[in-house]
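Okay, structure first, notes after.
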Protein chains: 2
Amino acid sequence: MSIADRKAREKEALKSLILKGAKKLFLERGIEQTTIRNIADEIDYSVGTVYVYFKDKNAILHDLHSIGFQELGGYFKELFTVKDPMERLKKMGIMYLKFAMENNEMYDLMFIVKAPMEFIESSEKEEWNEGIGTFSALRKTVEECIAIGHFKGHFAEPLSFMIWGLVHGMCSLEIRQRTKGVKFSNPDQILYQGYQEYLKIIEKL
Amino acid sequence: MSIADRKAREKEALKSLILKGAKKLFLERGIEQTTIRNIADEIDYSVGTVYVYFKDKNAILHDLHSIGFQELGGYFKELFTVKDPMERLKKMGIMYLKFAMENNEMYDLMFIVKAPMEFIESSEKEEWNEGIGTFSALRKTVEECIAIGHFKGHFAEPLSFMIWGLVHGMCSLEIRQRTKGVKFSNPDQILYQGYQEYLKIIEKL
DNA sequence: AATCAAAAATGAACATTGTTCAAAATAAAT
DNA sequence: ATTTATTTTGAACAATGTTCATTTTTGATT
């Protein structure tokens with residue numbers, strides 16, 4: 001264990017500390033109301049230090065968005081135990097919805113806020129591995145469904161995208177306050193009711 | 001025609017001028033890169049004047065979002081000529097997609113950006129009439145479909161919401177750069193391909 | 001035509017933001 | 001003990017939304 005190693009560890013630790021503080025504030029007061037100064041205050045460091053460890057605010061938002069995908073992975077974990085791809089597909093949607101509803105702010109950051117994508121664009125070579133990985137999980141499940149005879153006449157990739165759009169659309173309408181505007185009979189149930197309609201449909205396919 | 005009338009007209013005219021300038025800049029450089037000072041410069045008035053005619057930036061964004069709904073209404077106009085509700089439903093989705101793809105920035109403002117909803121919340125009594133109206137058009141069409149025997153076993157409201165979510169989801173993933181991240185075989189076709197999958201499905205219901 | 005009051009327009013000033021960077025403080029190496 | 005490298009700092013800057021006392025313009029009154 002050299003000193004360089006320890007330093008590297010300390011650097012990582014401080015980076016994590018910044019992210020931890022940022023996440024705490026995000027959940028408390030929302031992404032937009034959280035400033036770099038807030039984050040610095042929260043962890044008792046100066047603004048300057050934050051900029052030593054992160055290129056800019058987008059970099060923080062991007063790292064936090066990655067953490068969000070890890071957390072989504074936790075929700076998806078139990079899907080591996082479901083052997084029937086059709087059952088897995090149905091449950092995957094429920095887990096996605098559940099994650100979105102229990103982690104509004106994180107979901108927003110992962111799938112709606114522009115910053116994480118801007119960061120990826122600005123840092124050249126990198127790709128949106130988090131998104132690619134998550135979509136792959138969906139597409140593979142859909143492919144398995146097709147392989148055992150479901151979704152006759154459909155194509156895996158666009159069908160998967162359609163399904164992603166379906167659940168994401170309901171979640172983002174909710175998170176960005178468009179469901180509150182439209183007065184539903186049962187506002188706090190409409191997401192799951194919508195998903196039920198989807199389930200009825202794919203059960204026939 | 002009293003002087004008071006003329007003044008009222010002039011007030012309206014200047015309000016429109018501000019909105020027109022704001023929209024021009026939005027389309028040119030995006031919502032987030034447009035400042036009140038930019039808008040004031042664009043129409044050769046001072047910042048202070050803008051604040052005489054609009055309470056704050058959210059108010060401008062809200063009025064512009066309303067204009068967006070009028071424009072969406074234009075896209076929907078030809079739907080009235082379609083008598084068969086099932087055909088109308090299919091075409092409504094296409095028009096919605098078309099509007100979103102041809103008016104990215106306006107769509108974003110109408111269905112993703114928080115500002116318009118914040119404005120409505122802050123101004124008490126008002127409701128999201130634009131959203132209510134648009135959703136009603138969808139739900140009524142779905143109800144007509146049900147009335148002539150389609151969508152057996154489904155409920156109009158949640159099914160309509162699911163359909164809205166489906167198209168909105170694909171549009172917002174595209175607009176907020178999440179489709180560029182995931183490498184599709186045919187990136188610039190994926191929205192319509194996804195919609196095709198949806199069409200195949202509802203044709204069976 | 002001159003005067004006054006109301007309405008409209010102004011832009012300097014403020015608070016808050018993200019960001020930078022020379023200087024200070026600390027740690028490591030010699 | 002001294003020098004060098006690393007880490008941290010916070011004052012300073014530019015940009016933003018917003019306010020409001022002041023100025024300018026307009027309309028009414030005499």
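The values are calculated or read from the model by the stated rules, or taken from the named source; none is laboratory data. Please read all numbers here as calculations on a predicted model, not as lab measurements. In this analysis, Cβ positions are derived from the backbone assuming ideal geometry, glycine residues included, and neighbour counts consider all displayed protein chains. Note: accessible area is taken over every heavy atom of the protein model, side chains too, but ligands, DNA and RNA are not part of it. Shrake-Rupley method; radii C 1.70, N 1.55, O 1.52, S 1.80 Å.
Kindly indicate whether residue B:97 is more than 10 Å from chain A (Cβ to nearest Cβ), surrounded by 19 or more Cβ atoms within 10 Å (Cβ to Cβ), aliphatic (A, V, I, L, M) and more than 24 Å from residue A:162 (Cβ to Cβ).
Numbers: more than 10 Å from chain A (Cβ to nearest Cβ): yes; surrounded by 19 or more Cβ atoms within 10 Å (Cβ to Cβ): yes; aliphatic (A, V, I, L, M): yes; more than 24 Å from residue A:162 (Cβ to Cβ): no.
It is false that residue B:97 is more than 10 Å from chain A (Cβ to nearest Cβ), surrounded by 19 or more Cβ atoms within 10 Å (Cβ to Cβ), aliphatic (A, V, I, L, M) and more than 24 Å from residue A:162 (Cβ to Cβ).
Of all residues in the range A:95-130, count the ones that are under 14 Å from the mean Cα position of the chain (by Cα) and β-branched (Val, Ile, Thr). Break it down into steps so the answer makes sense when it comes.
Applying the first criterion (under 14 Å from the mean Cα position of the chain (by Cα)) to the range A:95-130 yields A:95-117, A:128-130.
Applying the additional criterion that residues be β-branched (Val, Ile, Thr) yields A:112-113.
Residues in the range A:95-130 being under 14 Å from the mean Cα position of the chain (by Cα) and β-branched (Val, Ile, Thr): 2 in total.
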Item to check | Members of the range A:104-145 found to be assigned to a helix (DSSP H, G or I) and among the aromatic types (Phe, Trp, Tyr), listed by number | outcome: A:107, A:111, A:119, A:135
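For the range A:25-58, name all the residues that are within 11 Å of DNA strand D (Cβ to nearest atom) and either touching a residue at least 60 places away in the same chain (Cβ under 8 Å) or on the phi > 0 side of the Ramachandran plot (or both). If you could, list the steps in order and put the result at the bottom.
So in the range A:25-58, the residues within 11 Å of DNA strand D (Cβ to nearest atom) come out as A:36-37, A:40-41, A:43-53.
Within the range A:25-58, just A:44 meets the criteria.
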Item to check | Looking only at the range B:171-180, and only at residues there that are within 7 Å of chain A (Cβ to nearest Cβ) and of a type outside the set (A, V, I, L, M), the one that is surrounded by the fewest Cβ atoms within 10 Å (Cβ to Cβ) | outcome: B:177
Checklist entry - Which of the residues that make up the range B:25-42 are more than 10 Å from DNA strand C (Cβ to nearest atom) and within 17 Å of residue B:58 (Cα to Cα)? => result B:25, B:26, B:30, B:31, B:32, B:33, B:34, B:35, B:38, B:39
Checklist entry - Among the residues of the range A:184-205, how many are open to solvent by 30 Å² or more (accessible area, probe 1.4 Å), under 9 Å from residue B:158 (Cβ atoms) and either more than 7 Å from every other protein chain (Cβ to nearest Cβ) or charged (D, E, K, R) (or both)? => result 3
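Here's the yes/no breakdown for (1) buried (at least 18 other Cβ atoms within 10 Å of the Cβ); (2) under 26 Å from residue A:186 (Cβ atoms):
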position	(1), (2)
B:107	yes, no
B:114	no, yes
B:130	yes, yes
B:138	yes, yes
B:164	yes, yes
B:167	yes, yes
B:182	yes, no
